[in-house]
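Shown next, in structure tokens, is the structure this report addresses.
Bear in mind these aren't lab numbers, they're just calculated from the coordinates by the rules spelled out. The structure displayed is predicted, hence computed values, not measured ones.
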Amino acid sequence: MSTWESDVYKKSETGREDWPVSSTCFALFIYNGWGGFASMKKFPEQRLAISLKIWYIACMSKQYHTSEPSEDQQKTRERIIAAASKVLAEQGYDATTLREISREAQAGPGLVHYYFGGKDALLVEVLQAAGQQFHQRMEHLIQHVPEDRSLEAFLTQLYERVGQESEVYRLRYESFSLGLHNPVIAPAVRERLVQRREEIGSVMAKVLENTERTEGRKGPSVDPTILAALLLSLFDGLALQKIMDPTFDLDASYQLLARMLRFLSSEQE
């Protein structure tokens, strides 16, 4: 059995050997892969194999959108994302292969195509999962720190994340590059940017509310979405400078940012 065949034809978690595709997709695969070429004589074996692979991957990459995933499917999906996060963080985007991710996830290689379609889309899913986890930590933090320290706590977490989770920023920049050059993945990258603005905006709205309450006066009306767009640019831009240049004074930059935000929140209308 060839390498590709061993990837596609897998053994499921229940011990049965099967194809992780629907019967409709399988029939389409057989019809177009074999039936379309059965009448052609002396068709080169290599071209046939390539054609079959194209039909298989195209079909696999669309399967996970057709219905709501079951609990087992969701767990498998989450396991693949967790494995991809680990491998991508250790090896970087270019050096990571789907085979390594599937091995770490203890799942058949074909399942990665089944659920995500490829490495590019999987990268966006990894970043979305990491972003959602961080956002949940931020929401929990803002709810439990003293109101007069919410801004400081928020910025401290973002400052420390650059050093603690630099691989997340590196992968994020990879996704930007992919989104600019790959029209297939561009919508997912764009959607992730929208989500990040919403996440930052919701936290900043709470921070500004806390500041107004502790100071006993209402600050200027600021659209949290616009403020979030500016802060997102600052957070990503400062992190990029620190990663590329370890001598860059990230601490001084965040101190100035804190002063600017305090001034903004305390300024009278």
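Once you wrap a convex hull around the alpha carbon atoms of the range 130-198, what is its projected area averaged over all directions, in nm²?
Values: hull surface 19.8 nm².
That works out to 4.9 nm².
Based on the alpha carbons, how large is the Rg to Rh ratio for the range 119-266 when Rh follows Kirkwood? Numbers along the way, then the final one.
Values: Rg = 15.9 Å, Rh = 16.2 Å.
With Rg and the Kirkwood Rh in hand, the quotient comes to 0.98.
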